[in-house]
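Accompanying notes for the structure given below.
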Amino acid sequence: MLKTITPIDNTIYVERKFATPEEIENTLNVSKKVFNDWKTTSIDERKKILSKFVDCFLENNNEIEEELCRQMGRPINQCGGEMNGFEERARYMIEKSEQALARIISKKDYEFDNFIEKDPLGTIFIIAPWNYPYNTSVNSVVPSLLAGNTVILKHSSQTPLCAEQLFKAAKLSGLPEGVFQFLHLDHQSTSKIISDRRVDHVLFTGSVSGGRQVKKAIGERFINAGLELGGKDPAYVRKDCDLQHAIENLADGSFYNSGQSCCGIERIYVDQEVYNDFVEGIKSFTENYILDDPLKPETNLGPVVKISAAHSIREQVREALSQGAKNVVEKNKFKISEDSNCYVSPSVLINVDHNMKFMMEETFGPTVGIMKVKNEDEAAHLMNDSPYGLTACIWTSDKEFAEQFGPRINTGTFFMNRCDYLDPGLAWTGVKNTGTGVTLSVLGFDHVTRAKSYHYRTI
């Protein structure tokens, strides 16, 4: 039995039966059965249906936002942001689908008509996480369907209602039965589906260890997997930046969604000339957060997702403190935080270094470490000194410098004066332990299609 414990008060919020072997078998068979019909559906018709899918989903926003809040603890007044993100990404991919999937002409004259088509892969199995349950799933579900694939969605056991809401919208939109399905699954059944010959591609968003399990389950099968994994994203604050702008945005990048974002800011490297002012500024800003019940409209910092996560975050912070780090934030300002609950008070740690797990391993909580740097060379070295490489950012008034600095940083995305944001027109990808593959942008469609060449000669 699937049981979702709400982090608000650690009570059971949702209970669902896991899919039976018979249900799994039927889902896989249906997905393969309807594939050819969906594959041959025109792109115009697919776009029309997917646009209606987005409309139907958004019509139910009030219910969805409360469910989201209760399932994973995000403040209710911030849940609408995910709905906006869902719509922005979905509309963009619908708009760009014809361009992204267009025939590539090699040669066309009186004798030859040679071209490349982008064919759908078949059945795509999507494993979505709880932290941004709609924004992450839309990145995979919408382009997969637009490209002519069928989709089976397995959502996190923390956010099972998200899969159900997406399925409800799909049905209302007129999406043919079987083209989009979902299953509530345990780990064993998930691995079995990944290894099943009827699955043609896997898209996974989650932890590094989870990514390894996906690759293990694929085994010797000749299929690919898109893996969006962990992050430990850095920022470099240069002395010429708009300091207040940097403080406010980096605090938000560190603590929004209680720091539970793969592209959240976890490391900040600050030029020595503005270091003290930056630390004092982010300390003051952080202490003004309201950590409380996320259903209250004034709350802007909610609990982390589960008690085990809270324990892990607190332990990582305690270890850093025992090694000489200092938390500049006064914990007594966040009285709701206790070791027995999911409400973790935000931490801003100084006197940290890369010998600490806190600066090298993903924390995934409302914490950030700040180090003083002498120059851009030291900043670049420290930013790259990580097993992860999702995003990085620089805060400066000198765009020319940023353009020279960006190529030195080994990440999938590089920002100037911004962080923790996905532009749907840019490729979402990473390097090192952050994973493989691309979502979003026109390039995202290349990973849910295969090239098929046609060579026609007239004689």
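Name every residue in the range 139-150 that is more than 10 Å from the chain's Cα centre (by Cα) and in contact (Cβ under 8 Å) with a residue 40 or more places away in the chain, in order of residue number.
Ser140, Val142, Pro143, Ser144, Leu145, Leu146, Ala147, Gly148, Asn149, Thr150
For (1) of a type in the set (A, V, I, L, M); (2) over 24 Å from the mean Cα position of the chain (by Cα); (3) part of a helix (DSSP H, G or I); (4) assigned by TED's automatic domain parsing to the domain that holds Met360, each residue gets a yes or a no:
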{"position": "Glu273", "(1), (2), (3), (4)": "no, yes, no, yes"}
{"position": "Asn276", "(1), (2), (3), (4)": "no, yes, yes, yes"}
{"position": "Gly281", "(1), (2), (3), (4)": "no, yes, yes, yes"}
{"position": "Asn288", "(1), (2), (3), (4)": "no, yes, no, yes"}
{"position": "Lys296", "(1), (2), (3), (4)": "no, yes, no, yes"}
{"position": "Thr299", "(1), (2), (3), (4)": "no, no, no, yes"}
{"position": "Pro303", "(1), (2), (3), (4)": "no, no, no, yes"}
{"position": "His311", "(1), (2), (3), (4)": "no, no, yes, yes"}
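Out of curiosity, is Glu273 among the charged types (D, E, K, R), touching an Asp or Glu at 6+ places or on another chain (Cβ under 7 Å) and surrounded by fewer than 21 Cβ atoms within 10 Å (Cβ to Cβ)?
For Glu273, the condition - among the charged types (D, E, K, R), touching an Asp or Glu at 6+ places or on another chain (Cβ under 7 Å) and surrounded by fewer than 21 Cβ atoms within 10 Å (Cβ to Cβ) - is not met.
Being basic (Lys, Arg) and free of Cβ contacts under 8 Å to residues at least 60 places away in the same chain is the requirement here; does Arg89 meet it?
Taking the combined requirement at face value, the residue does not satisfy it.
Would you check if Ile8 is more than 22 Å from the chain's Cα centre (by Cα), in the same structural domain as Glu95 (by TED's automatic domain parsing) and not aromatic (Phe, Trp, Tyr)?
yes
Only one residue in Lys216, Lys171, Lys154 is within 17 Å of Thr136 (Cβ to Cβ), without any contact (Cβ under 8 Å) to a residue 40 or more places away in the chain and out of contact with any Gly (no Cβ under 7 Å at 6 or more places or on another chain). Which one?
Residue meeting the stated conditions: Lys154.
Would you check if Ile94 is crowded, with 19+ Cβ neighbours inside 10 Å, in contact with a helix residue (DSSP H, G or I) (Cβ under 6 Å, 6 or more places away or on another chain), assigned by TED's automatic domain parsing to the domain that holds Arg198 and not in a helix (DSSP H, G or I)?
Numbers: crowded, with 19+ Cβ neighbours inside 10 Å: yes; in contact with a helix residue (DSSP H, G or I) (Cβ under 6 Å, 6 or more places away or on another chain): yes; assigned by TED's automatic domain parsing to the domain that holds Arg198: yes; not in a helix (DSSP H, G or I): no.
No, not satisfied.
Please find, among Ile76, Ile64, Ile24, Ile116, the residue that is aliphatic (A, V, I, L, M), surrounded by 15 or more Cβ atoms within 10 Å (Cβ to Cβ), over 27 Å from Val304 (Cβ atoms) and assigned by TED's automatic domain parsing to the domain that holds Leu145.
Step by step, each of Ile76, Ile64, Ile24, Ile116 is checked, and only Ile24 is aliphatic (A, V, I, L, M), surrounded by 15 or more Cβ atoms within 10 Å (Cβ to Cβ), over 27 Å from Val304 (Cβ atoms) and assigned by TED's automatic domain parsing to the domain that holds Leu145.
Checking the structure you have, find out if any residue of the range 49-64 is assigned to a helix (DSSP H, G or I), hydroxyl-bearing (Ser, Thr, Tyr) and closer than 30 Å to Val442 by Cα. Step through it out loud before you land on a result.
The first filter runs over the range 49-64 and keeps only residues assigned to a helix (DSSP H, G or I), leaving 49-58, 61-64.
Going one step further and asking which of them are hydroxyl-bearing (Ser, Thr, Tyr), we end up with 51.
Narrowing the set further to residues that are closer than 30 Å to Val442 by Cα leaves 51.
Scanning the range 49-64 turns up at least one residue that is assigned to a helix (DSSP H, G or I), hydroxyl-bearing (Ser, Thr, Tyr) and closer than 30 Å to Val442 by Cα.
Go through (1) surrounded by fewer than 22 Cβ atoms within 10 Å (Cβ to Cβ); (2) in contact with a strand residue (DSSP E or B) (Cβ under 7 Å, 6 or more places away or on another chain) and name the single condition Gln213 misses.
Every condition holds for Gln213 apart from (2).
Give just the number: which of (1) over 19 Å from the mean Cα position of the chain (by Cα); (2) buried (at least 21 other Cβ atoms within 10 Å of the Cβ); (3) in a loop (DSSP other than H, G, I, E, B) does Trp130 not satisfy?
If we test Trp130 against (1) over 19 Å from the mean Cα position of the chain (by Cα); (2) buried (at least 21 other Cβ atoms within 10 Å of the Cβ); (3) in a loop (DSSP other than H, G, I, E, B), just (1) comes out false.
Identify the single condition in (1) buried (at least 21 other Cβ atoms within 10 Å of the Cβ); (2) assigned by TED's automatic domain parsing to the domain that holds Pro120; (3) more than 19 Å from the chain's Cα centre (by Cα) that Val448 does not satisfy, given that it satisfies every other one.
(3)
Of all residues in the range 97-115, count the ones that are of a type in the set (S, T, N, Q) and not in a strand (DSSP E or B).
Residues in the range 97-115 being of a type in the set (S, T, N, Q) and not in a strand (DSSP E or B): 2 in total.
Residue by residue through the range 1-35, note down the ones that are of a type in the set (Phe, Trp, Tyr) and farther than 17 Å from Glu177 by Cβ.
Selection gives Tyr13, Phe18.
The values are calculated or read from the model by the stated rules, or taken from the named source; none is laboratory data. Just so you know, these numbers come straight off a predicted model, no measurement behind them. Virtual Cβ from ideal backbone geometry, glycine too; neighbours counted across all protein chains shown.
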